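First comes the structure, then the notes that go with it.
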Amino acid sequence: THVTIRHGHDTRPEPASQDKFYQECAAAGRVTQLAYIGDELVGAIACRLELTPMKSAARLYLMTVGVYAPYRNGAIGTRLLRHALNEGSADSFIEDAYLHVHTPNTEAIAFYKRFGFVEDGVVNNYYKRLEPPDAVVLKLNLREWKVRRRPNNTDEPIDISHPPDPTLILSVHAR
């Protein structure tokens, strides 16, 4: 089964609602992505840009990264994150990327550390509906990030292991 990411076209509609989340995602440009297999939405990464206190640079905040459970372990999350980091690092105004992860979620923490994220403290009582309510802050210096491609260093499709349907194709679209 081949997985393909398609870029180079912008299919982002103007936000239909005044919801701040969607406005921030749209303002972040191509770093916010939706992953499809065929016509089915299977994953997403939603980001926003934040100005530094001195307004001399921006930070890329990863608001959410998720892949629908049946499609996990197929490199979709890896490709979404890699794409967002590549796009963010291409903008010299963006200095770093950061996110919050629930402290007991060691699998997610390890996932981000594989990309070079480092722990930058813990925010106590960050979550209102989770126990414990704390979040670890992970950050990555995007000025040191080198654009990364798939293991074969090309844009050719790569195989994913154990896809739910071997005929499905993954496309990543900016929305």
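The values are calculated or read from the model by the stated rules, or taken from the named source; none is laboratory data. For clarity, every value in this text was computed on a predicted model and none was experimentally measured. Methodologically, a virtual Cβ is constructed for each residue, glycine included, from the backbone with ideal geometry; neighbour enumeration extends over all protein chains shown. These area figures cover heavy atoms from the full protein model, side chains too; ligands, DNA and RNA do not enter into them. Shrake-Rupley method; radii C 1.70, N 1.55, O 1.52, S 1.80 Å.
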> Over the heavy atoms of Thr78, what accessible area does a 1.4 Å probe trace out, to the nearest 10 Å²?
Replying inline: 40 Å²
>> Can you compute the radius of gyration and Dmax for segment 63-108, using only the Cα atoms, both in Å?
In response: 12.5, 37
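For Pro53, what is the net charge nearby, where nearby means another residue's Cβ is under 13 Å from its Cβ and Lys, Arg count +1, Asp, Glu -1?
Cβ neighbours under 13 Å give a net charge of 0.
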> In the calculated pair distance distribution of segment 34-87, what percentage of Cα-Cα distances lie above 14 Å?
Replying inline: 57 percent
